[in-house]
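What follows is a single structure, written as structure tokens, with notes after it.
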There are 2 protein chains.
Amino acid sequence: MSDPLFQAALAEVAAAVEAELPRLLPQPAGHTAKLDHAMAYACLGGGKRLRPLLTVAGADLFGVARAQSLRAAAALEMLHCYSLVHDDLPCMDDDDLRRGRPTVHKAFDEATAVLAGDGLQAQAFAVLADPATHPEPAVRVELVAGLAAAAGPRGMVGGQAIDLLAEELAGQGKTLDMAEIGHLQALKTGALIGFAAEAGAILGGAAMAERQALRSYADAIGLAFQIADDILDHEGDAAMLGKRVGKDAAAGKATFVGLLGLDGARARAAALTSAAQQHLAALKGDTGVLHGLAAFVITRRS
Amino acid sequence: MSDPLFQAALAEVAAAVEAELPRLLPQPAGHTAKLDHAMAYACLGGGKRLRPLLTVAGADLFGVARAQSLRAAAALEMLHCYSLVHDDLPCMDDDDLRRGRPTVHKAFDEATAVLAGDGLQAQAFAVLADPATHPEPAVRVELVAGLAAAAGPRGMVGGQAIDLLAEELAGQGKTLDMAEIGHLQALKTGALIGFAAEAGAILGGAAMAERQALRSYADAIGLAFQIADDILDHEGDAAMLGKRVGKDAAAGKATFVGLLGLDGARARAAALTSAAQQHLAALKGDTGVLHGLAAFVITRRS
């Protein structure tokens, strides 16, 4: 189950992104120091960094310099981390713990958490728009457009809104059906995961067919990742995950495990992983790391 | 005091932006309808639309098509409106009323208000990155970079963080001095107002000297606007303003009126308005509307 090539790549990219992020975040200074610290706290010290790996491994296929792909990867990670900060707020999921540490509104305060998330979103776009990310304005603006679509009301934020609705419906004893929960996840987590891989192809000036293959690959593992998350939430333990478990099912929300059963969910995740790996066949270059990532998504224990 | 040329331009641009915004916002549909409605509610039905006028009147100087400048203006207005939604949250200013209507978290709920603000920020970048805003990728990405800087931790969000600090200090009986409160306002409201005018010059491919003149003009009226706001907050009435008055002074926060006295604040605002109008002398073309806007900023009653 442990793929040494993939594990080495994940560790390498995680370390490189951890080093890149502080260079791209505001240096804590003066009267904004608390905000600056909160933004760094939200981004640093944890996370699997799967999105950065998707961007970097995707970009590697097209010979993109790491100096560029790591910037894009860090920008996407900022966007992802902002969404976690806001998702953890008392008016949202009300979580005290994230990656085994106090959430931002617990470590700082609620107002600072709102602003830190807001600032991270702006900073993600600032990084993508910076010439250091790619010399061609057309490439940079395509990255911006892609991230804005993935993050916006028909992407991640839309998915979070459907998640709120699902919770409201659960209170009335209703649940989403399989198509609806698939749509929710495609927006809430799928859009950014799909774009993370596509961003590598955009940086590399890939042909549309290759870009589409990478996108389809990532869309499939995005959904597999979410199904695996439900399985972990169903059977995992809090110490390993660094967050509360069983909360979705306890809240009466529809989960893939609830809809498909545990075996059905496992089978669906495995089928998506196979589909993802088949999309890689359309790509030239060494896709070993991306193959390993697809397998990891459903075998991970946290 | 009422400048007919300026008033007509303001009314025209306000109506045009009010018509443009719904075309650029997600159409309420399906499971995201509540979020979509909240985003529209946050943007529509009010506001002076001074930022859009800055962008459009600035762009007019360089012969930019209104179809383009109105898109950029609408994007900046989305960014501004998102900041108001988050600013009104219970953990921030905790305001129930905005422009005489219930704030977004009152009309909808707190979680939806967080997401609506987040979605508006993403959508603002999506609109700027769209080829319909300008055919040149280099222009679009410059707009994106400018907005990201104006909105981020060294712009608007940074200013909001200093505002939180000011409130904390007020609780300890300390207040910011004149330089500090000037810095706060330069970030919190000045950055976006300055960029609103600059965006018109960027769209028009203006020479750097013209772009800088427009920026300096807008920086001056941005600060004058804020001083006028403090004066209105000191002496205005809630019905006219559509929001609570006297709250900053009541919270013990430093205000320009508190630091300079009422007459001193009025004199400072008038001097800034003159300075703004002098910057316009560096520009060719008809700057009548921008002259009128500078005068309006300190004579407005709401």
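The values are calculated or read from the model by the stated rules, or taken from the named source; none is laboratory data. All values reported here derive from a predicted model rather than from experimental measurement. Cβ atoms come from the backbone with ideal geometry, glycine included; neighbour counts cover every protein chain shown.
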Matching entry among B:Leu70, B:Leu61, B:Leu115, B:Leu97 (being within 17 Å of the chain's Cα centre (by Cα) and of a type outside the set (Gly, Ala, Ser)): B:Leu70
Residue identified as touching a residue at least 60 places away in the same chain (Cβ under 8 Å) and over 18 Å from the mean Cα position of the chain (by Cα) among A:Ala126, A:Ala107: A:Ala107
Filter pass, A:Leu53 being modelled with pLDDT under 95 and of a type in the set (A, V, I, L, M): no
Residue match in the stretch A:202-217 (condition: assigned to a helix (DSSP H, G or I), away from every other protein chain (no Cβ under 14 Å) and under 22 Å from A:Ala265 (Cα atoms)): yes
Residue, nearest to the other protein chains (Cβ to nearest Cβ), within the stretch B:52-72, restricted to residues that are part of a helix (DSSP H, G or I) and among the hydrophobic types (A, V, I, L, M, F, W, C): B:Ala72
Flag if A:Pro153 is crowded, with 24+ Cβ neighbours inside 10 Å, part of a loop (DSSP other than H, G, I, E, B) and within 12 Å of chain B (Cβ to nearest Cβ): yes
Index of the failed condition, A:Gln27 passing every other in (1) under 30 Å from A:Glu136 (Cα atoms); (2) more than 14 Å from chain B (Cβ to nearest Cβ): (2)
Condition met for B:Thr32 (surrounded by 22 or more Cβ atoms within 10 Å (Cβ to Cβ), touching a Pro at 6+ places or on another chain (Cβ under 9 Å) and among the polar types (S, T, N, Q)): yes
Residue satisfying all of: in the stretch A:8-65; β-branched (Val, Ile, Thr) and touching a residue at least 12 places away in the same chain (Cβ under 8 Å); nearest to A:Phe108 (Cα to Cα) among these: A:Val17
Yes/no for A:Ala170 being out of contact with any His (no Cβ under 7 Å at 6 or more places or on another chain), assigned to a helix (DSSP H, G or I), more than 7 Å from chain B (Cβ to nearest Cβ) and hydrophobic (A, V, I, L, M, F, W, C): yes
Residue in the stretch B:178-201 that is over 14 Å from the mean Cα position of the chain (by Cα) and closer than 18 Å to B:Leu54 by Cα present: yes
Residue identified as at pLDDT below 90, in contact with a Leu (Cβ under 6 Å, 6 or more places away or on another chain) and over 23 Å from B:Ala271 (Cβ atoms) among B:Lys247, B:Lys243, B:Lys253: B:Lys243
Condition check for B:Asp163: among the acidic types (Asp, Glu), more than 8 Å from every other protein chain (Cβ to nearest Cβ) and over 16 Å from B:Leu192 (Cβ atoms): no
Complete set of residues in the stretch B:73-110 that are touching a helix residue (DSSP H, G or I) at 6+ places or on another chain (Cβ under 7 Å), facing chain A (nearest Cβ under 7 Å) and surrounded by fewer than 24 Cβ atoms within 10 Å (Cβ to Cβ): B:Leu89, B:Cys91, B:Met92
Qualifying residues in the stretch A:1-20 (those that are among the hydrophobic types (A, V, I, L, M, F, W, C), exposed (fewer than 13 other Cβ atoms within 10 Å of the Cβ) and assigned to a helix (DSSP H, G or I)) - the one farthest from the chain's Cα centre (by Cα): A:Leu5
Any hit, the stretch A:119-138, residues being buried (at least 24 other Cβ atoms within 10 Å of the Cβ), facing another protein chain (nearest Cβ under 9 Å) and outside any helix (DSSP H, G or I): no
Selection from the stretch A:20-49 of residues that are out of contact with any helix residue (DSSP H, G or I) (no Cβ under 7 Å at 6 or more places or on another chain), of a type outside the set (Lys, Arg) and under 19 Å from A:Gly200 (Cβ atoms): A:Gly47
Residue list for the stretch B:41-51, restricted to those being surrounded by fewer than 22 Cβ atoms within 10 Å (Cβ to Cβ) and within 14 Å of chain A (Cβ to nearest Cβ): B:Tyr41
